[in-house]
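Here the structure comes first, spelled out in structure tokens, and everything after it is commentary.
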Amino acid sequence: FILDRYTGELKLRFEPPFVVGGPVIGQNHMLFAGGADGRFYSLQLDHPTAKEPPKRWEVLAGGPVTAAPLFYDGDTLLFASQSGSVFSCLAGDKTFRWSFKAGGAIEGDPTVDDTGVYIASADRSLYKLSKSSGERAWRARFPAPLQVGPVVAGGLVYQYCQGNGIAALDAATGAQKWR
């Protein structure tokens, strides 16, 4: 369902040509969604002749995409899969920017701030990556697999770990401040 954001009026109802794996985001009359089939898709909302949004492009994600994709730096799209792969590309034409491979599934939503990209993985690691290159800035280990994404605020990264509670880490260094 696509609703008018001001009135809540139904604008469009359709069934995508793939099984959606997680949250869907939109930008400039385009929808972006991860599939349960291990692919990531872009759909065109305002096609003049199509009754349903046609597929603009699709890419292999290496595994089901259940974490929410996100935009950063205006037109850059980031998505992650349960195979542990993270991808950055341009939203308009899927021009590849970079990729990163974690040691476990990524189920929690990635987070971005002005200084980097934060990825929680089932390999018990929280990663901070460069937004421009995908290079690892730091890695913090936890005692159990991370199943939810981090929250970044005020120079700290907050990460929940089942059985261990919430830890606050310095966003610049990854050093634990408290748990």
request  = Under a cut-off of 18 Å between alpha-carbon atoms, report the lysines in cross-link reach of Lys11, not counting same-chain residues fewer than 8 places apart.
outcome  = Lys51
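First select every other residue whose beta carbon is under 12 angstrom from the beta carbon of Asp170; then total the charges, Lys and Arg +1, Asp and Glu -1. Working shown, then result.
On the way: positive: Lys128, Lys177; negative: none.
That sum, taken over residues with Cβ under 12 Å, equals +2.
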request  = Would you list, by chain and number, the aspartates and glutamates whose Cα falls below 13 Å from the Cα of Lys94, excluding same-chain residues fewer than 8 positions away?
outcome  = Glu58, Asp75
request  = Note down the relative contact order for the stretch 140-179 as a percent, whole number, built from C-alpha pairs under 8 angstrom at least six residues apart.
outcome  = 31 percent
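Carbon and sulfur atoms: what percent of the 1.4 Å accessible area of the chain do they account for?
Details: 4590 of 9070 Å².
That fraction is 51 percent.
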inquiry  = Running a GNM on the chain with Cα contacts under 10 Å, which residue among Arg39, Arg13, Arg141 ends up with the highest mean-square fluctuation?
reply    = Arg13
message = Can you give me the accessible area per residue for the chain, using a 1.4 Å probe, in Å²?
response = 51 Å²
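Quick one: dipole size for the chain, taken about the Cα centre, charges +1 on Lys/Arg Cβ and -1 on Asp/Glu Cβ, in debye to the nearest 20.
Values: 18 positive and 17 negative charges, 94 e Å.
Roughly 460 debye for the chain.
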task = Could you work out the relative contact order of the chain, using alpha carbon pairs under 8 angstrom and six or more residues apart, expressed as a whole percent?
result = 10 percent
query = Taking only C-alpha pairs under 8 Å that are 6+ residues apart, what is the relative contact order of the stretch 50-125 in percent?
reply = 23 percent
ask   = Taking K and R as +1 and D and E as -1, what net charge do the other residues with C-beta under 15 Å from the C-beta of Thr66 add up to?
value = -2
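The values are calculated or read from the model by the stated rules, or taken from the named source; none is laboratory data. Keep in mind the model is a prediction, meaning the values are calculated, not measured. Every residue, glycine among them, receives a Cβ derived from its backbone with ideal geometry; neighbour counts consider all protein chains shown. The protein model used for the area step is the full one, side chains on, heavy atoms only, and it has no ligands, DNA or RNA in it. Shrake-Rupley method; radii C 1.70, N 1.55, O 1.52, S 1.80 Å.
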